[in-house]
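Heads up: the structure comes next, in structure tokens.
The values are calculated or read from the model by the stated rules, or taken from the named source; none is laboratory data. Quick caveat, the model's predicted, so the values are computed rather than measured. No Cβ is skipped: glycine too gets one built from the backbone with ideal geometry, and neighbour counts run over all protein chains shown.
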């Protein structure tokens, strides 16, 4: 058992090291498109427009974030959505964590230049092992970030620790399609996972990990019809990227509530 645990830990660390390399290689390219580093824009029926600002406002509405809360942006990139939320809600406090020290440095500069400075904080760290006390947060946002975890139960156990009773987890992400796949689809999801250093579990697997760690899953929704993809790879001009026309993925949203203890 100890040998298996050590092996799994070693595999997870190897993926984290590769993710650090990925984000150092690509962050400046993503920033050409803005500080919301997401590949899809939610077109909510109550939000007009197809910009990242519209996407962030849709997420605030759908996640249930309210003014006066303390919110964790888990896997925050350079902190664009957190700053947007703090500007929208004048009494909101946001703490972001990113695996990338490079992204954290960019975020900290952005924060000092923002009217929300003092209410938004970003630091580098591993969201599986957070530097926060128990029951600090009202809500944890995973905006295209939970799918990078190769230790989902460890991740959500940590969320259960830092969330208050009845605290909410909101996840928007790309998920692997459940069910049987062709050989071509298996090859393409394997390539996708390698290119983006992304675990890409199914929604069912992620929801099961939440249920196993003290959460009540309230909603599991396929968002594909509501999301506009923003493909940017050709403009990156990076050898890492290539087209995957038969990729078996979809956009999804999961909402879960921490069970009171």
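The figures follow:
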| quantity | calculated |
| --- | --- |
| Those residues of the stretch 57-70 which are assigned to a helix (DSSP H, G or I) and touching a helix residue (DSSP H, G or I) at 6+ places or on another chain (Cβ under 8 Å), in sequence order | 57, 59, 60 |
| Unmet criterion (only one of (1) part of a helix (DSSP H, G or I); (2) surrounded by 16 or more Cβ atoms within 10 Å (Cβ to Cβ)) for residue 171 | (1) |
| Residues that are under 13 Å from residue 149 (Cα atoms) and touching a strand residue (DSSP E or B) at 6+ places or on another chain (Cβ under 7 Å), drawn from the stretch 175-206 | 175, 200, 201, 202, 206 |
| Verdict on residue 82 being in contact with a strand residue (DSSP E or B) (Cβ under 6 Å, 6 or more places away or on another chain), in a helix (DSSP H, G or I) and surrounded by 20 or more Cβ atoms within 10 Å (Cβ to Cβ) | yes |
| Flag for residue 127 being buried (at least 20 other Cβ atoms within 10 Å of the Cβ), closer than 27 Å to residue 57 by Cα, in contact with a helix residue (DSSP H, G or I) (Cβ under 8 Å, 6 or more places away or on another chain) and at pLDDT 95 or above | yes |
| Residue within the stretch 37-56 that is within 19 Å of residue 145 (Cβ to Cβ), out of contact with any strand residue (DSSP E or B) (no Cβ under 8 Å at 6 or more places or on another chain) and either part of a loop (DSSP other than H, G, I, E, B) or at pLDDT below 95 (or both) present | yes |
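Here's the yes/no breakdown for (1) modelled with pLDDT under 95; (2) under 18 Å from the mean Cα position of the chain (by Cα); (3) assigned to a loop (DSSP other than H, G, I, E, B):
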residue: 72; (1), (2), (3): no, yes, no
residue: 78; (1), (2), (3): no, yes, yes
residue: 105; (1), (2), (3): no, no, no
residue: 111; (1), (2), (3): no, no, no
